[in-house]
Amino acid sequence: MNKIRQQFPIFSNQGDNLAYLDTAASAQKPKIVTDTLQNFYLREYANIHRGAYLLSASATLKYEESREKIAKFLNAVSAKEIIFTRNATEGINLVASSITQQCSTGDTILLTELEHHSNIVPWQIQAKRNGLEIQYAKINPEAQIDLADFKLKVQKFKPKICSFTMQSNAFGTITPYLEMIKIAKLSGALVLLDVCQAVLHGPIDVQNLDVDFLVFSGHKIYGPTGIGVLYGKSEHLNRFEPYQGGGDMISSVSLAGSTWAEIPAKFEAGTPAIAEAIGLGAAINFVEEVGWDTIEQNDRQLFLNATNLLNNFVGVEVYGLKDSQITSSILAFNLVGVHPHDLASICDQFNVQIRAGYHCAMPALEALGLHSTARISFGIYSQESDLLQLEKALWHAKKLFKV
């Protein structure tokens, strides 16, 4: 694990005692990713798909190789089912805009109370524009989706689409996504699965899942910011109208009108994030080189140790499920008597980075009667010494606030 950690330059540049416990917000970058970005900009840069010269052809090849790599990573039927977006948020917006155009007034969208704001707000915008209804499956006091309520709402409202997360960014709980997908599919609903938190912790197989759409952000899986992935079954993407208009997404343009390119180009208007897409491909290479066995073993051990630390620390309240089979890599908690933002500031004095607040999941926290929490989350570079530093910070906070 030390050899893996050494591949992340920030830990040598910031000092060996940097305890970065905010991977759920954004993962640090291995050297293979930063080197790939730098090399492309310094030695290989050109625009893609347009130039009849070697640099452009080479850049185009690398860009499309990343698409192929991600298709294989997700086990998609074809690379044409992989759309590069700015992030998962844009992917959800693209699907929400496209799907709702094909709905009728009064149709229902089913979400859950556990979602990140990016899987709520786009649907609310489109529902308001198109006269649609949104229903939310409830969560229980352990921050897990109430599967019976989800099933009841599917049967009662017959939603056109069900959109939900695979793993909560606020509490780390892994949803019963396989059962949820099955329930939704049996009712004839389409399914969008948000795997932003899960994609760096275990393999994703879109054919086995049988989801219609899936999204994640590159920066969550050790890749660059500004690049995301939308997977969509070809049958749906082919019938969608373009999300944006511009260059490179057309077949022909005249003053009288335009025709569209085939997927995936139809949804990638303008000059894309070329370097970032290539950098994401390098991040996928890194994850595959480390291997899922190593990643999952590190996750399990850290989660177990962190759970033991927080559960046994007097004054700490931990939220959500504590079962490592249903929860992974993320823990939400509060130190009673200390505001999470104050705790985050104190942790920073010990070179420990944690997240504090609503975590872009206000409905989820409010469902549990919470206003804000502290949150720790792990990546492949996380280690036992990070937890020891966190423990020191917690003791200092208790002493400082006399709690």
Subset of the range 212-261 [free of Cβ contacts under 8 Å to residues at least 24 places away in the same chain and of a type in the set (D, E)]: E235
Helices (runs of 4 or more DSSP H) wholly inside the range 317-403 containing at least 3 residues that are closer than 30 Å to T294 by Cβ and of a type in the set (D, E): 384-401
- prompt: If you scan the range 155-175, which residues turn out to be open to solvent by 10 Å² or more (accessible area, probe 1.4 Å), under 20 Å from R355 (Cα atoms) and in a loop (DSSP other than H, G, I, E, B)?
  reply: N169
- request: Answer yes if at least one residue in the range 322-331 is buried (at least 18 other Cβ atoms within 10 Å of the Cβ), closer than 30 Å to F401 by Cα and modelled with pLDDT of 95 or more, and no otherwise.
  value: yes
task: Test T105 against the criterion of being outside any strand (DSSP E or B), open to solvent by 30 Å² or more (accessible area, probe 1.4 Å), within 22 Å of A198 (Cβ to Cβ) and not basic (K, R), and give yes or no.
output: no
message: Would you confirm, using the coordinates I've provided, whether V77 is over 21 Å from V352 (Cβ atoms), more than 18 Å from the chain's Cα centre (by Cα) and assigned to a loop (DSSP other than H, G, I, E, B)?
response: yes
statement: Given the conditions (1) within 22 Å of E179 (Cβ to Cβ); (2) outside any loop (DSSP other than H, G, I, E, B); (3) touching a Gly at 6+ places or on another chain (Cβ under 7 Å), every one holds for A143 apart from (2)
query: Are any of the residues in the range 18-35 assigned to a loop (DSSP other than H, G, I, E, B), exposed (fewer than 15 other Cβ atoms within 10 Å of the Cβ) and not small (G, A, S)?
result: no
field: Scope the range 193-232; condition closer than 11 Å to T85 by Cα and in contact with a Pro (Cβ under 7 Å, 6 or more places away or on another chain); matching residues
entry: G218
query: Among N75, N13, which is the only one that is of a type in the set (S, T, N, Q) and either surrounded by 14 or more Cβ atoms within 10 Å (Cβ to Cβ) or in contact with a helix residue (DSSP H, G or I) (Cβ under 9 Å, 6 or more places away or on another chain) (or both)?
result: N75
query: Quick one: which of L178, L114, L190, L152 is over 14 Å from L209 (Cβ atoms) and either open to solvent by 20 Å² or more (accessible area, probe 1.4 Å) or of a type in the set (D, E, K, R) (or both)?
result: L152
field: Members of the range 360-377 found to be open to solvent by less than 20 Å² (accessible area, probe 1.4 Å) and either of a type in the set (D, E, K, R) or within 20 Å of A27 (Cβ to Cβ) (or both), listed by number
entry: A361, A374, R375, I376, S377
field: Cβ pairs under 8 Å, 6+ apart, first in the range 119-137 and closer than 10 Å to I92 by Cβ and free of Cβ contacts under 8 Å to residues at least 12 places away in the same chain, second surrounded by fewer than 18 Cβ atoms within 10 Å (Cβ to Cβ) and acidic (D, E)
entry: none
- prompt: Could you count how many residues in the range 176-206 are assigned to a loop (DSSP other than H, G, I, E, B) and not acidic (D, E)?
  reply: 14
- prompt: Residues in the range 117-132: is at least one within 25 Å of the chain's Cα centre (by Cα), farther than 18 Å from T165 by Cα, surrounded by fewer than 22 Cβ atoms within 10 Å (Cβ to Cβ) and not aliphatic (A, V, I, L, M)?
  reply: yes
statement: When every residue in the range 332-344 that is over 28 Å from P122 (Cα atoms) and touching a residue at least 60 places away in the same chain (Cβ under 8 Å) is compared, the one surrounded by the most Cβ atoms within 10 Å (Cβ to Cβ) is L335
task: Evaluate the range 128-135: report whether one residue or more is under 26 Å from D293 (Cα atoms) and in contact with a strand residue (DSSP E or B) (Cβ under 7 Å, 6 or more places away or on another chain).
output: no
field: Checking Q7 against (1) closer than 21 Å to Y222 by Cβ; (2) open to solvent by less than 10 Å² (accessible area, probe 1.4 Å), the condition it does not meet
entry: (2)
- request: State which residue pairs qualify: first residue touching a residue at least 60 places away in the same chain (Cβ under 8 Å) and inside the range 345-359, second residue in a strand (DSSP E or B) and of a type in the set (K, R) in any location, beta carbons under 9 Å apart, and separation of 6 or more residues or different chains.
  value: I354/R375; R355/R375; H359/R375
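The values are calculated or read from the model by the stated rules, or taken from the named source; none is laboratory data. Keep in mind it's a predicted model, so treat the numbers as computed, not measured. Cβ coordinates were reconstructed from backbone atoms using ideal geometry, including for glycine residues, and neighbour counts include every protein chain displayed. All accessible areas refer to the heavy atoms of the entire protein, side chains included, with ligands and DNA or RNA removed. Shrake-Rupley method; radii C 1.70, N 1.55, O 1.52, S 1.80 Å.
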